[in-house]
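Just below is one structure, and these are the notes that go with it.
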Amino acid sequence: MYLSRVKIDVNNRRKTKDLDHLGAYHNWVEESYPGEVKAGERSRKLWRIDYLGDDSYLLVLSKKKPDLGKLEKHGVTDSAETKDYNVLLSQLRAGDKLRFRLVLNPVLSLSQGKMSGKRGRVIPLVTADQQLQFLRERSLQHGFSVNDDEVTITERGFEILKRKNRKPLKVCKAAYGGYLTIEDLDLFKTVLVNGLGKKKAYGFGLLTVIPGSLQ
């Protein structure tokens, strides 16, 4: 696994004018793996946008290394970098308390009954209390725990996903930061690699930690 990052060239309108919805970012990520595009393949990739001060970064987790030139399509020249993610995974231990970042699509699926033959209605969870509860309920299922007083919702709102021949979709978003504790190492490594929640192809579900931050 590889974790890659590029600084988005927000001061260059020519390079970023097309980044006006989640699908555009998704396409940028996919195009950064030209070997897969050529072969007609599409492996799972997790990504999100991080904000550090006035700067914005595209962060991508993938099984293969991206083409750094392609990754800089909307980025600052020579800002793209890739690291071996397995190095980080090997440093983790059960009981570690680590700083984390995570962006989720907090929604609730309402069942219409097994006999209805219809998918359940999806309801966005829009309040801070609902979004914190959403994270708490899923944390232990994925091998970690969080305390309310050590987690902050850093961003809330909706993102737009444009779809061909369909109405644009508003996607609920909650960005979290703070500290977590690893409870089950195997489950935790799985969620780091596979992501958490829905809409993973569109910038949600990538959980990252800083090893050694509070050991």
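The values are calculated or read from the model by the stated rules, or taken from the named source; none is laboratory data. The model shown is predicted, which means the values in this text are computed figures rather than measured ones. Cβ: placed from backbone, ideal geometry, glycine included. Neighbour counts: every protein chain shown.
Among the residues of segment 46-66, write down those that are touching an Asp or Glu at 6+ places or on another chain (Cβ under 9 Å) and surrounded by fewer than 21 Cβ atoms within 10 Å (Cβ to Cβ).
Matches in segment 46-66: Tyr51, Ser56, Tyr57, Leu59, Lys64.
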Options Glu150, Glu72: the member that is over 17 Å from Leu206 (Cα atoms) and either touching a residue at least 40 places away in the same chain (Cβ under 8 Å) or in the same structural domain as Asp9 (by TED's automatic domain parsing) (or both): Glu72
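Results for (1) touching a strand residue (DSSP E or B) at 6+ places or on another chain (Cβ under 8 Å); (2) β-branched (Val, Ile, Thr); (3) surrounded by 16 or more Cβ atoms within 10 Å (Cβ to Cβ), shown as yes or no for each residue.
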{"site": "Thr16", "(1), (2), (3)": "yes, yes, yes"}
{"site": "Lys70", "(1), (2), (3)": "no, no, yes"}
{"site": "Thr82", "(1), (2), (3)": "yes, yes, yes"}
{"site": "Leu92", "(1), (2), (3)": "yes, no, yes"}
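Here is a list: Val209, Val171. Which entry is surrounded by 14 or more Cβ atoms within 10 Å (Cβ to Cβ) and either more than 20 Å from Ser109 (Cα to Cα) or out of contact with any Asp or Glu (no Cβ under 9 Å at 6 or more places or on another chain) (or both)? Let's see the steps before the verdict.
Numbers: Val171 fails: either more than 20 Å from Ser109 (Cα to Cα) or out of contact with any Asp or Glu (no Cβ under 9 Å at 6 or more places or on another chain) (or both).
Testing whether each residue is surrounded by 14 or more Cβ atoms within 10 Å (Cβ to Cβ) and either more than 20 Å from Ser109 (Cα to Cα) or out of contact with any Asp or Glu (no Cβ under 9 Å at 6 or more places or on another chain) (or both) leaves just Val209.
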Only one of Arg156, Arg121 is surrounded by 12 or more Cβ atoms within 10 Å (Cβ to Cβ) and not assigned by TED's automatic domain parsing to the domain that holds Tyr51, namely Arg156
